[in-house]
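Student: Here it is, the structure, as structure tokens.
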């Protein structure tokens, strides 16, 4: 039995080392819960020890602009310029351009704020100049004062497609335009997805890989599908910890729970842990679901309060993740 | 002598018919003085009788967006949404996107306001959907309540290039980025420029073609170069009137006077009239330059106050142009 009771574990953790120095963390993250955990981790892990690999499977070209929704949410969150109410987009955003698009009969289903547009315009320009998405992201991080290393999972286009009963939809059309309501028959990830040298190197050097509480099928699978990230993680990383995106038998936000229900799978952290399967060495899930995940000899589990309602929650969960990872590293 | 003294002509014109009904006007126009005269004409010519063919030679793709600066100025002016102080862009404009571009290290040399961006985004989207620039412009006019017919000179890309002593520059890089300071060795217009069916039909049906007080080399030549606009005008149109962009031996704004000086040509309406040469049946130039244009048997000239400082000036000049055209039509 590797499941540690919450109380005992927390008692143990109060004696855990305060520093994370020297441990290389790589986080695989989508935009929502992923970005919130990344924000917490960035508060406690030295920037040189923290790399975030973001999902670019839902990138798309819209009205001529290259838009990377998850990368932007991660960037804005790390830069501290996110709209805290919505969790995406920029604080203090205005909507004059989109209002004008609407008035001229253009497509207004994807929210493009004026400040946010500056990101898409600049990214589109720099990509057209021949820069990689990795280099563009590095420039944005430098300009916005983001210190941890933020990497896209790929520099090439690796679009996730959503197969619905009525046919195939580009990701954002399903997710935003159709408000993720059409049933997902299957998530199609390109066979040709390749990661970058930078991302591959980061996971090769990683002591700990953290799979953020993002949608496993839509945010994490696209990253793992960017060859050879998954085999490197499986072969090289001593500690791989996933944080459950399911809390109290539901998703905090977004389509994870609906997808599981549509697929007749239990909306439970157990389903998520089973899905990641042998890739994981550790699994953190919510105290509200305590006991839901069957312990395995090769999977250490721990429960804690994983609901990130505010900034303090993010740091608290990040501390729990780091403590768990440190403990696993010591045991490995 | 076909030159009519200003006083006599104005006395005559007070008896001119108030209505312009039934006369088809086509205006060839760039963005600056061209748009101001178009604004005046739109106040007095019934919309069904007024077609404007705008220059698209300075269109360009910038940060992924298809931008049509002259078409936008014409559209905004006709829609009454222009920034009256600058003469271009939208009234009440904000600059959040461009500020963000600058902060991220993107190119900020071309002014892109937030409301204005809505136009470029929608145009880029609709063109990518397969619409022609003509159809996009028609949609914009309908949405903004513009009644006269606004047409681009071409649907295909017909980029004007500026040859400078240091090499060839795309138009906007010379005009905006370099603030039209590098000497123009030559203006390069594409041999392959073709106009649209709609623009060709408009000039075929035109009773009067008005060449607006725009830069002859940069705004009007590109339109005339869109085959077969010039031969249709030369062969078919009974009345072709140009309005001088030179006032009091200088340009009101923009590079016209500098270009003439660089080319050792007189900064005079006479130079402009000679440049358009036999295409013209009539020429209107400023009272400040009275006598500057030698009369020819085949060119009627008239002087008036052509300086459009405000909206009333625009209507007054438009009335003079229409009266002159009507007089020429009666004589033709």
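The values are calculated or read from the model by the stated rules, or taken from the named source; none is laboratory data. In this text the structure is predicted, and so the values were computed from the model without any measurement. Methodologically, a virtual Cβ is constructed for each residue, glycine included, from the backbone with ideal geometry; neighbour enumeration extends over all protein chains shown.
Student: Select, from B:208, B:158, B:203, the only residue that is closer than 18 Å to residue B:31 by Cα, under 17 Å from the mean Cα position of the chain (by Cα) and either within 14 Å of chain A (Cβ to nearest Cβ) or buried (at least 21 other Cβ atoms within 10 Å of the Cβ) (or both). Spell out the reasoning first.
Tutor: On the way: B:208 fails: closer than 18 Å to residue B:31 by Cα; B:203 fails: closer than 18 Å to residue B:31 by Cα.
B:158 is the lone residue from the list that is closer than 18 Å to residue B:31 by Cα, under 17 Å from the mean Cα position of the chain (by Cα) and either within 14 Å of chain A (Cβ to nearest Cβ) or buried (at least 21 other Cβ atoms within 10 Å of the Cβ) (or both).
Student: Which one is nearest to residue B:141 (Cα to Cα) among residues in region A:88-137 that are away from chain B (no Cβ under 11 Å) and without any contact (Cβ under 8 Å) to a residue 60 or more places away in the chain?
Tutor: Going through the qualifying residues, I end up with A:89.
Student: For region A:187-204, which positions are in a strand (DSSP E or B) and either farther than 15 Å from residue A:225 by Cα or in contact with a helix residue (DSSP H, G or I) (Cβ under 7 Å, 6 or more places away or on another chain) (or both)? Give the steps one after another, and end with the answer.
Tutor: So the first thing to find is which residues in region A:187-204 are in a strand (DSSP E or B), and the list is A:187-188, A:194.
Scanning region A:187-204 gives a single hit, A:187.
Student: Here's something else I'd like to know. Just give me the residues in region A:138-154 being within 7 Å of another protein chain (Cβ to nearest Cβ) and surrounded by fewer than 21 Cβ atoms within 10 Å (Cβ to Cβ), in sequence order. Full working, then the answer.
Tutor: Step one: list which residues in region A:138-154 are within 7 Å of another protein chain (Cβ to nearest Cβ), which gives A:139-140, A:143.
Result: A:139, A:143.
Student: Can you tell me which residues in region A:322-332 are assigned to a helix (DSSP H, G or I) and either surrounded by fewer than 17 Cβ atoms within 10 Å (Cβ to Cβ) or in contact with a strand residue (DSSP E or B) (Cβ under 6 Å, 6 or more places away or on another chain) (or both)? Show your work before the answer.
Tutor: Going residue by residue through region A:322-332, those that are assigned to a helix (DSSP H, G or I) are A:322-331.
A:324, A:325, A:328, A:329, A:330, A:331, listed by residue number.
Student: Could you go through region A:72-85 and let me know if any residue there is more than 14 Å from chain B (Cβ to nearest Cβ), within 29 Å of residue B:136 (Cβ to Cβ) and either surrounded by fewer than 23 Cβ atoms within 10 Å (Cβ to Cβ) or in contact with a helix residue (DSSP H, G or I) (Cβ under 8 Å, 6 or more places away or on another chain) (or both).
Tutor: Checked region A:72-85: no residue is more than 14 Å from chain B (Cβ to nearest Cβ), within 29 Å of residue B:136 (Cβ to Cβ) and either surrounded by fewer than 23 Cβ atoms within 10 Å (Cβ to Cβ) or in contact with a helix residue (DSSP H, G or I) (Cβ under 8 Å, 6 or more places away or on another chain) (or both).
Student: Now, a different point. Mind checking which strands (runs of 3 or more DSSP E) fall wholly inside region A:123-173 and carry at least 1 residues that are more than 22 Å from residue A:263 (Cα to Cα) and in contact with a helix residue (DSSP H, G or I) (Cβ under 6 Å, 6 or more places away or on another chain)? Spell out how you get there, then give the answer.
Tutor: Working: elements: A:149-152, A:161-164, A:167-170.
The strands (runs of 3 or more DSSP E) meeting that bar are A:149-152.
Student: Could you list, in sequence order, the residues of region A:205-232 that are assigned to a loop (DSSP other than H, G, I, E, B) and closer than 20 Å to residue A:285 by Cβ? Step through it out loud before you land on a result.
Tutor: Keep residues of region A:205-232 that are assigned to a loop (DSSP other than H, G, I, E, B), which gives A:206-207, A:212-215, A:225-226, A:228.
Scanning region A:205-232 gives A:212, A:213, A:214, A:215.
Student: While we're looking at this one, here's another question. Only one residue in B:212, B:242, B:206 is free of Cβ contacts under 8 Å to residues at least 60 places away in the same chain, within 25 Å of residue B:152 (Cα to Cα) and touching a strand residue (DSSP E or B) at 6+ places or on another chain (Cβ under 8 Å), so which one is that? So that I can check it myself, show each step before the final result.
Tutor: Values: B:212 fails: free of Cβ contacts under 8 Å to residues at least 60 places away in the same chain; B:206 fails: free of Cβ contacts under 8 Å to residues at least 60 places away in the same chain.
The unique qualifying residue is B:242.
Student: Suppose we keep only residues that are surrounded by fewer than 18 Cβ atoms within 10 Å (Cβ to Cβ) and not in a loop (DSSP other than H, G, I, E, B) within region A:10-43. Which one would you say is modelled with the highest pLDDT?
Tutor: A:43
Student: What are the residues in region B:288-318 that are over 13 Å from residue B:39 (Cβ atoms), touching a helix residue (DSSP H, G or I) at 6+ places or on another chain (Cβ under 6 Å) and assigned to a helix (DSSP H, G or I), if any?
Tutor: Passing the criteria: only B:289.
Student: Would you say residue A:241 is at pLDDT 95 or above, buried (at least 19 other Cβ atoms within 10 Å of the Cβ) and assigned to a helix (DSSP H, G or I)? Steps first, please.
Tutor: On the way: at pLDDT 95 or above: yes; buried (at least 19 other Cβ atoms within 10 Å of the Cβ): yes; assigned to a helix (DSSP H, G or I): no.
Against the criterion (at pLDDT 95 or above, buried (at least 19 other Cβ atoms within 10 Å of the Cβ) and assigned to a helix (DSSP H, G or I)), residue A:241 does not qualify.
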